[in-house]
1. Quick check on my filter: what residues within the stretch 34-89 are more than 21 Å from N117 (Cα to Cα) and β-branched (V, I, T)?
2. Looking at the stretch 71-91, I want the residues that are on the phi > 0 side of the Ramachandran plot and exposed (fewer than 15 other Cβ atoms within 10 Å of the Cβ) and have a partner that is part of a helix (DSSP H, G or I) and of a type in the set (S, T, N, Q) with Cβ atoms under 8 Å, at least 6 apart or on another chain. Which pairs are those?
3. crowded, with 18+ Cβ neighbours inside 10 Å and out of contact with any Gly (no Cβ under 8 Å at 6 or more places or on another chain), is that true of L41?
4. Considering every residue within the stretch 114-130, establish whether at least one is among the basic types (K, R), on the phi < 0 side of the Ramachandran plot and in a helix (DSSP H, G or I).
5. Of everything in the stretch 138-159, what is buried (at least 17 other Cβ atoms within 10 Å of the Cβ) and farther than 21 Å from L241 by Cα? Give them in sequence order.
6. Of the residues Y155, Y149, Y139, which is touching a residue at least 12 places away in the same chain (Cβ under 8 Å) and either under 29 Å from L72 (Cβ atoms) or assigned to a helix (DSSP H, G or I) (or both)?
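A short reminder: the numbers here are calculations on the coordinates, not readings from a lab. Everything numeric in this text was worked out from a predicted model, so none of it was measured. Cβ coordinates were reconstructed from backbone atoms using ideal geometry, including for glycine residues, and neighbour counts include every protein chain displayed.
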Amino acid sequence: REGLNLPSLARACAQPLLAVCPRAFRIMATALELPRTRSILIREYRNGWYALPAHQLAILLTLCSLMTINTLGLSLPIYFLVGLRLAFLPIVVFVGTLALLSWIGVAFGLCIGAIVNDLKQAQSVIAPTLVPLLLFSGYLIPYAQIPVYFQWLYYVSFFQYAMAILEVNEFVGRSFDSCVSHDAIERLMEQLPATCYSAIPCIVEGAAILSKDTCFKNGEDLLRHKLNIDPDKIGRDYAILGATFVVFAVASYYLTRRVIRFHY
């Protein structure tokens, strides 16, 4: 088992957010694709040069391919600079997850592009949509601190599922060298005077003991109890991301068809 100290643990915990955020801003580039080419698309569609499904599929495949290359160029330096685990499969999972997230960004951007006319309108739609998904993905605000009426955003955030995969990819199978105690609660009860239960000074003292002594022995415990991630559900997370891409891709076609037929 591979050991991990606290500084490297902090870097590893930060890497999903660092890697995922640039994928969000790629949505803006694809959102402007249809507004830039709408007049040409309508003209060529009227002339019967191509069918709309073929055009939409070609645009989607082209942009996804370009984003995959872009992901390789941007994610690999992050991976090695942060100092994540050097093994073939974790690297493939890291790059593949970010590529899939980029594809979701492409499809989502095409949906936005079908309902806006310019950059200003795109910004007014994208920001209110993406900010809550990032904010309530469980990393900027921990899941335990998310208000109940906002917790549904945690479950619909595709960023949350991507970052969960990256965390599982990094921490499963890890052990933590800095862990010095696994009996914090028992020691807490032993160190607190028996006569001061429910007293505020004792509660404060107990919190200090817990913060000092409590730690996670391995990555699985960290994922489950600190990050609210089930390491056994990585397949489910991939399925949700894949389904999200398909939903956005299909929606982008029907939204584009609606625009074309409106101007036809």
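1. Filtering the stretch 34-89 down to residues more than 21 Å from N117 (Cα to Cα) leaves 47-51, 53-54, 57-58, 61-62, 64-89.
Matches in the stretch 34-89: T62, T68, I69, T71, I78, V82.
2. Going by the 8 Å Cβ cut-off, the qualifying pairs are G83/S8.
3. On the way: crowded, with 18+ Cβ neighbours inside 10 Å: yes; out of contact with any Gly (no Cβ under 8 Å at 6 or more places or on another chain): yes.
Yes: the conditions hold for L41.
4. From the stretch 114-130, those among the basic types (K, R) are 120; that's our starting set.
Restricting the remaining residues to those that are on the phi < 0 side of the Ramachandran plot gives 120.
Next, from what is left, pick out any that are in a helix (DSSP H, G or I): 120.
Scanning the stretch 114-130 turns up at least one residue that is among the basic types (K, R), on the phi < 0 side of the Ramachandran plot and in a helix (DSSP H, G or I).
5. Selection gives I146 alone.
6. Working: Y155 fails: touching a residue at least 12 places away in the same chain (Cβ under 8 Å); Y149 fails: touching a residue at least 12 places away in the same chain (Cβ under 8 Å).
Checking each option against the conditions leaves just Y139.
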